[in-house]
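I have placed the structure first, in the form of structure tokens, so that the comments after it can refer back to it.
All of the numbers you see were taken from the coordinates with simple rules; none came from a lab. These numbers were taken from a predicted model, which means no experiment stands behind them. Methodologically, a virtual Cβ is constructed for each residue, glycine included, from the backbone with ideal geometry; neighbour enumeration extends over all protein chains shown.
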Amino acid sequence: MRRGGGRRFPKPSLAPSTAAEATPALDASVIRNLDSAFSRRDSDANSLCSSRPASTVGAILNFSDRATQVAALRVVNTFLAPAVTLRGPLPAARDIQAALRLLVDRLHLPRNDATFDDDLIQDLRLLGCPYKVTRSALKAPGTPHSWPVLLSVLHWLTLLCHSQGDDPDAPSGPSDDLLLYITQSYSHFLSGDDAAVETVDEEYASKARMTGEAYVATARALEKEAEELETQVNKLISGPSRREALESEKEAFNADIHKFDAVVNAWKTKFNEREQSFGDLEKELEAKVSDTQRAAAEIQDLLKQVDAQPVNVKDVDRMRREMQAIEDDIANAEKGKTALEDKVWELEAKLVTKLEELERHAEQCNQALKKLKPTVAFQYMIDSKGSSPAEMLGTGYKTVLKPALLAHAEENKRICLSNLENLNDLQKQLQGNAKVLEEERNNISSLQEKNDEVSPSFQALHYIL
């Protein structure tokens, strides 16, 4: 806070005892200094007050905007809760009327339920409300046309209640602190106590700094919360809606139902087939039971006939011999069966050995085929279940391997003939080279003879020189 210049008032110990004695002592210079001091103090207070935002007066908001409506409705609901709660986007008419009556009661305005609409319009005009509301809007408050106007009036009345200190939960406003600060500063200034003025200035500055830091922290927290809410809104907007999710879930359920119906129909078909097969089996069982009963009846008849026939001793001996012969035949058959089984086991062991040898030979043949240049696209595959050579080896060796080997043989023959022709050419070249070499040898020998003849002459000449 700025300090006024000029002279200060005298302290109480130095001031005159009465106002009558003090008045003549003030000359023109003192009065000018006092006027200058008070004018500067008032200008400082006015500038400080003008720099603070007003709580009840501000820029007129556009309540047709959706975001503005949501923010204003939040402020109104916070103030009126829990008595009244307005639910957007279009609250009920009775809730709007109850909110208006509650705000009028909070402002301690006279209220007559019979003429409430007219009284409210008159009260708003007297209070200087910047928003104009009509009787038709008050008669039908829950319509989209009248709701923005009524919301603006509700918001303005809520701010007016806040400015009058009607909110018990709200902290003490900074205007009270500023008024106390100005009062104390004026008091110390008028008493001429500069140290107290500086102390008050420092206390208010520190308190204002702490309040500002708290407001900054609150604003940052609100910004962070707004960013998180915006992220959630974007996530909700970008993701599928509730209806789309339900439709997709419905489609999944329908697909499951179709699958279940298909499974049920398949099982019904199987049940019908099994019932039909059971019916056939029951018929076969009945036929077999009847055959068994008929055979049992025939056996009983035969037993009766046997019992009725007379038995001779010779016939009994003959039958005993025949039974013994039959038993001997059965024993011989069992021995032959055992011998045949042993032979079968031996043959199977030999077949396994031969099959392993065939597989080993087939593997060697396959490796030999791989080494051929060019390779033959054929592999021997032994089929152990075959009953003939064609079935075991397959027909591929006739259709694929044999033509490939013939072609390979023809190619080798052609290569051999070509190599033979090249060999003949090389032999002819060798014979020609041998003749040339022989001629060169003859030339060398003749030159050697000439050299031998000339060499003594050169030696004699060398001695002479």
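Some notes on this structure:
- Sequence-ordered 3J(HN,Hα) estimates for the stretch 138-150 from the Karplus curve with 6.51, -1.76 and 1.60 and θ = phi - 60° stand at 6, 6, 10, x, x, 8, x, 6, 8, 5, x, 5, 5 Hz, glycine and proline given as x.
- Likely footprinting exposure, Ile121, Ile96, Ile237, fewest C-beta neighbours within 10 Å first: Ile237, Ile121, Ile96
- Packing-based exposure ordering (other Cβ within 10 Å, fewest first) of Leu73, Leu447: Leu447, Leu73
- Cβ-Cβ distance of Glu228 and Leu190, R₀ of 60 Å, FRET efficiency by 1/(1 + (r/R0)^6): the value works out to about 0.70.
- Extension gain (nm, one decimal) between Lys283 and Ala295, 0.36 nm per residue minus Cα-Cα: 2.5 nm
- With Cα atoms as the point set, the radius of gyration and Dmax of the stretch 180-279 evaluate to 38.5, 124 Å.
- Efficiency of FRET from Cβ geometry, Glu348 and Lys314, R₀ 56 Å, rounded to 0.05: 0.65
- Gyration tensor (alpha-carbon) shape descriptor, the stretch 395-465, a/c threshold 1.5: prolate
- Theoretical gain in end-to-end length, Lys139 to Glu251 [0.36 nm per residue, Cα-Cα removed]: 35.6 nm
- Pairwise label distance in nanometres, Ala362 with Val263, each label 7 Å out on the Cα-Cβ vector: 4.5 nm
- The stretch 132-164 residues near the modelled Ala83 label - backbone nitrogen below 19 Å, point 7 Å along Cα→Cβ: 151-164
- Remark: the Ile415-Leu447 segment gains 6.8 nm on full extension, using 0.36 nm per residue and subtracting the alpha carbon distance.
- Shown here: the stretch 330-381, whose C-alpha atoms stretch 65, 13, 7 Å along the first, second and third principal axes, sorted largest to smallest.
- For the stretch 329-339, putting each phi into the Karplus relation 6.51 cos²θ - 1.76 cosθ + 1.60 with θ = phi - 60° gives couplings of 4, 5, 5, 5, 5, 5, 5, x, 5, 5, 5 Hz, in residue order, rounded to whole numbers and with x for Gly and Pro.
- Gyration tensor (alpha-carbon) shape descriptor, the stretch 66-238, a/c threshold 1.5: oblate
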